[in-house]
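The values are calculated or read from the model by the stated rules, or taken from the named source; none is laboratory data. This is a predicted model, so every value here is computed, not measured. Cβ placement follows ideal geometry from the backbone for every residue including glycine, while neighbour counts extend to all protein chains displayed. Quick note on the areas: whole protein, heavy atoms, side chains included, nothing else; ligands and nucleic acids left out. Shrake-Rupley method; radii C 1.70, N 1.55, O 1.52, S 1.80 Å.
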Amino acid sequence: MISPFSNYLLLGISVSQPISSSYQSSEDPGAFAVATNGEPFPWYHLRLPNSVIPLHYDLFVHPNLTSLDFVASEMIEILVRDTTQFIILHCKDLEIMNATLQSEEDLRDKKPGKKLHVLSYPAHEQIALLVPEKLMADLRYYVAIDFQGKLANGFEGFYKSTYRTLHGETRIIAVTDFQPTQARMAFPCFDEPLFKANFSIKIRRESRHIALSNMPKVKTIELQGGLLEDHFATTVKMSTYLVAYIVCDFNSVSGTTSSGVKVSIYASPDKWNQMHYALQASLKLLDFYEKYFDINYPLPKLDLVAIPDFGPGAMENWGLITYRETSLLFDPRTSSVSDKMWITKVIAHELAHQWFGNLVTMEWWNDIWLNEGFANYMELISVNATYPELQFDDYFFDVCYAVITRDSLNSSRPISKPAETPTQIQEMFDAVSYNKGACILNMLKDFLGEEKFQEGIIHYLKKFSYRNAKNDDLWGSLSNVSPMWNYSRLLSLKSCRIITKLAFLEENKIKEMMTTWTLQKGIPLVVVKQDGCSLSIQQERFLEGVFKEDPEWRALQERWLIFFLDLVYLISVYTLDLAEKTTWVKFNVDSNGYYLVHYEGHGWDQLITQLNQNHTLLRPKDRIGLIHDAFQLVSAGRMTLDKALNLTRYLQHETSSPILLKGLSYLELLYHMMDRRNISDVSENLKRYLLWYFKQMIDTQSWSDEGSAWDRMLRSVLLRLACELGHAPCIQKATELFSQWMESSGKLNIPTDVLKIVYSVGAQTTAGWNYLLEQYELSVSSAEKNKILYALSTSRHQEKLVKLIELGMEGKVIKTQDLAALIHAIARNPKGQQLVWNFVRANWTDLLKKFDLGSFAMRTIISSTTSFFSSKDELQEVKQFFESLSAQGSHLDIFQIVLETITKNIKWLEKNLPTLRTWLLVNI
Ligand SMILES: [Zn+2]
């Protein structure tokens, strides 16, 4: 699975400790559960018993896309491990019509099944099938269940999605989305990742539709009355959350990989011309992964389907990957280079899951990082290899930087963490699992070397194929291929040379090291102090918001085994002797390590001087790391803001677009903070400073799609910022293009990278805003719709913002799937921030009817409407609201993250506002 939002939106998100309201805590063995009919329910744990395991499901489903319900039946072949009198299955919102049991003998002799007594326990989303006679250990049985249900309204289980054709007709499709715990909404099953089984699926449909599932279709049977029934080949052994089926009327384009796998892209019929990039990318990436993992993709086909209504960004169902339209469809007319980057990334992510996640699955959701961290990390490896022109390693910085902000709060969490209830499990799908997981893997690869790392993961994938694994299994595989290290190495760091000491990598060392990164929360800060020819190096826990001088700081400290200078484990204070005296040192080469570095004494001043004299002596990845670390150190109270700002003074000479983007992002962040708080003298000066300092860069940008991927992304950001800050030439050009576009009735092709800017400037007049809303409804390009929606949300008129929220709540013109992104965009607008905050508080219950509490959507809505606050009154307001929610039984860990973030903002302003004010006066 992948979040629907890019790194910039993936704010701190985490897991809650308490059990959520819909779940009763009945883990106490003295407790008992009562079924809905009043009889005792024989099982009181959230997790299923191990006494019975599923081997095979025969599943038949017949959805009716007119009445919006479905009838279904299944036959589950089970193996009894321990003699038992009941079978517990997961089941949610389904009506069980009949359940029977046959032994192997009954089946052979074609004897009818024995009727089972069914009890339901909705609090645990379980049913119990009580058998008349004991099920005997080591025997196989067959459970047949007839059931029915409604196609769900949200984004989970077996649900309804709709789309509009070019001619304005609304059509309905039926689609599944099961991860993590929603297969039970579509069919009663052993809905835990460890219970892998084979699935044979049959779907009944009308002839105007097609049916898709994990495996290819083996035959279609024509039934009386014109209905058709598709039979799909039996799947490989897999977890329930990976099962998928779709009934729709989509078109497709197909190709074949070099190993003969048929790959198809599906989308609604008017989107044929938007499917080709995805096809090319998925063919390339699938070829790459087969070689890289040295394991062939095990199914004969792979379908990638763009679903009009989808909760996450995409979902890796084996052989039938489902996507949001914006994560799969590339429209040559309206998709920008950032869109291309996103689509490539998401395809790479989901294809990596076909191995990491599907072939080898984590034992339980506490280790979901083994799926998600790896899939995120593999994006880096595979996209770099297949699309080098996208320079994906520069994108990867933000994967790490996005989570560092979160991980430097005390309310962060370890990568592996207990999670039992569905809400807790959903919350595990956060930046810590995805981003930090990927970053520590990248660090480990850097340490072991690419070849050894690759060997290790091949070993892991082969050893655990069609099975489940946990953290230790991964470390075991990586240790297996790692040689004993025993040599000293000369590490050359441009102007300084450092000799590293001997180090040994023993058998268990990888596990010992990595455990400090996966089982404890937070990120280390390496503090370097140079004294003549010797360097003292120390580590501490990096915390923003809690300063070193605060009394609680000491109690929050942790220790990590850091791969430092390639070979040295930094456990406590360490002293290095330099071979020769140097003017500056820079650690964390290429920023591959998941830690920050602070240069005490004159260290930073020497680096700033070097950047100003000749920044090219430091490598680009080191320069970006310095900018990042400096601004984070300011938040941690370890560096003064003027020093960090002075560090950016060399940017006028910087030619690397990713670095310029990083520097700009911090300066822009300061501007937004001042603008939101109405500290107008500072925000005005910042505006003047930005437009003056980057003037030449802004004015030399062409309004086109020319250049490298990163030059194009820089252009988008520079021009957007210039127009937002009211730079006259920018607004003039955008206005001109917008008028031409309107005059052409939306037919004029505007360069894709500036499209959002042109729309945003156009949206500032009432005529422009209204016209954009009309085009929004008509457009069949989700890439364009996204840009229009963003533009509409930048209006300075509150009544227009209110209208957008109403449309988002109604879910017709603006789809419910886009509501969270809409709220996020409005919250970004100073005129809209208070509006959406009030809205969220007043409409909390209605929002919960649309989205699960732990969903990406709800967590985004909460964090985006609150995380920017920076006053004590606002903190109080947010606190009160969260307390009222907790009192109603809604609790998320993100509440704590938000409160800590606001507290940090308050502290930041108190400490740094005077410095910022003065610095601007001196530097303009
Ligand atoms: Zn994923």
ask   = Around ASP230, what is the net charge, scoring Lys/Arg as +1 and Asp/Glu as -1 over all other residues with Cβ under 10 Å from its Cβ?
value = +4
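Taking the Cβ-Cβ separation of LEU848 and VAL813 as r and a Förster radius of 22 Å, what is the calculated FRET efficiency to the nearest 0.05?
Working: r = 22 Å, r/R0 = 1.02.
Efficiency at R0 = 22 Å is approximately 0.50.
Going down the list LYS662/LYS815; LYS879/LYS904; LYS747/LYS785; LYS160/LYS849; LYS733/LYS787, which pairs span over 25 Å between their C-alpha atoms?
LYS662/LYS815
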key: Per residue value of the accessible surface for the chain (all protein chains in place, 1.4 Å probe), Å²   = 37
note = The summed charge of the TYR57 Cβ neighbourhood (under 12 Å; Lys/Arg +1, Asp/Glu -1) stands at -1
Selection from ALA123, CYS533, ASN153 lying farthest towards where the dipole of the chain points positive, charges on Cβ = CYS533
request  = Compare the Cα positions of LEU848, PHE869, ALA887 along the charge dipole of the range 803-924 (+1 at Cβ of Lys, Arg; -1 at Cβ of Asp, Glu; about the Cα centre) and return the one farthest towards the positive end.
outcome  = PHE869
ask   = Between HIS602 and ARG554, what FRET efficiency comes out of the Förster formula 1/(1 + (r/R0)^6) with R0 = 35 Å and r the beta carbon distance, rounded to 0.05?
value = 0.85
query = Taking only C-alpha pairs under 8 Å that are 6+ residues apart, what is the relative contact order of the chain in percent?
reply = 10
request  = Compute the Cα gyration tensor for the range 585-662, then decide on rounded, prolate or oblate, letting a ≥ b ≥ c be the square roots of its eigenvalues: rounded whenever a/c is under 1.5, prolate when a/b is larger than b/c in the other cases, and oblate in all that remain.
outcome  = rounded
key: Rounded to 5, percent antiparallel among DSSP beta bridges of the chain   = 80
inquiry  = Let's see if you can work this out: charge +1 on each Lys and Arg Cβ, -1 on each Asp and Glu Cβ, no other charges. What is the dipole magnitude of the range 204-350 about its Cα centre, in debye to the nearest 20?
reply    = 180
message = Going by amide H atoms built from the backbone, whose H comes under 5 Å of the H on ASP191, apart from near neighbours?
response = HIS90
ask   = Extension gain ASN612-ARG108, at 0.36 nm per residue separation less the Cα-Cα distance, in nm?
value = 173.1 nm
ask   = Can you list the residues, at least 5 places off or on another chain, whose amide H is less than 5 Å from the amide H of ILE2, using H built in the peptide plane?
value = GLY313, ALA314
query = Between SER479, GLY38, LEU755, whose Cα lies farthest towards the positive end of the dipole of the chain when Lys and Arg beta carbons carry +1 and Asp and Glu beta carbons carry -1, centred on the Cα centre?
reply = LEU755
key: Estimated FRET transfer efficiency (SER67, LEU519; beta-carbon r; R0 51 Å; 0.05)   = 0.50
ask   = Between ASN770 and LYS452, 0.36 nm times their residue separation minus their Cα-Cα distance comes to what?
value = 108.7 nm
inquiry  = Rounded to whole Å, give me the distance from the Cα center of the range 209-228 to that of the range 277-322.
reply    = 23
ask   = the chain: percent of C-alpha pairs farther apart than 52 Å?
value = 17
key: Cβ-defined net charge surrounding ALA244, 10 Å radius [Lys, Arg +1; Asp, Glu -1]   = -3
task = Could you tell me how many degrees, from 0 to 90 and to the nearest 10, lie between the Cα long axis of helix 620-635 and the main elongation axis, the longest principal axis, of the Cα atoms of the chain?
result = 90
note = CD proxy, 222 nm, the chain: helix-only mean residue ellipticity via -39,500 (n - 2.57) per DSSP H run with n ≥ 4, per residue, nearest 500, stands at -12500 deg cm²/dmol
task = Whole Å is fine, so just give me how far the alpha carbon centre of the range 821-858 lies from that of the range 409-440.
result = 23
query = From the Cα gyration tensor of the range 359-416, with a ≥ b ≥ c the square roots of its eigenvalues, which class applies: rounded if a/c is under 1.5, or else prolate if a/b is larger than b/c, or else oblate?
reply = oblate
request  = Using label points projected 7 Å from each Cα along Cα→Cβ, tell me how many nm separate LEU921 and ASN384, to one decimal.
outcome  = 4.7
task = Name the shape class, rounded, prolate or oblate, that the alpha-carbon gyration tensor gives for the range 881-921, where a ≥ b ≥ c are the square roots of its eigenvalues, rounded holds for a/c under 1.5, and otherwise prolate holds if a/b is larger than b/c and oblate otherwise.
result = prolate
message = Assuming 0.36 nm per residue, please report the length gained on full extension of the stretch ASP249 to ASP873 beyond their Cα-Cα distance.
response = 219.3 nm
key: Label-point separation in nm, LEU55 to HIS797, each point 7 Å along Cα→Cβ   = 6.8
ask   = What order do you get for 33-41, 148-156, 735-743 when each peptide is scored by the mean count of other beta carbon atoms within 10 Å, highest first?
value = 148-156, 735-743, 33-41
query = Of all the accessible heavy-atom surface of the range 595-716, with the other protein chains kept in place and a 1.4 Å probe, what percent is carbon and sulfur?
reply = 47
ask   = With +1 on each Lys and Arg Cβ and -1 on each Asp and Glu Cβ, how big is the dipole of the range 836-907 about its Cα centre, in debye rounded to the nearest 20?
value = 100
request  = Assign unit charges at the C-beta atoms only (+1 for Lys and Arg, -1 for Asp and Glu), then state the dipole size of the range 669-789 relative to its Cα centre in Debye, rounded to the nearest 20.
outcome  = 260
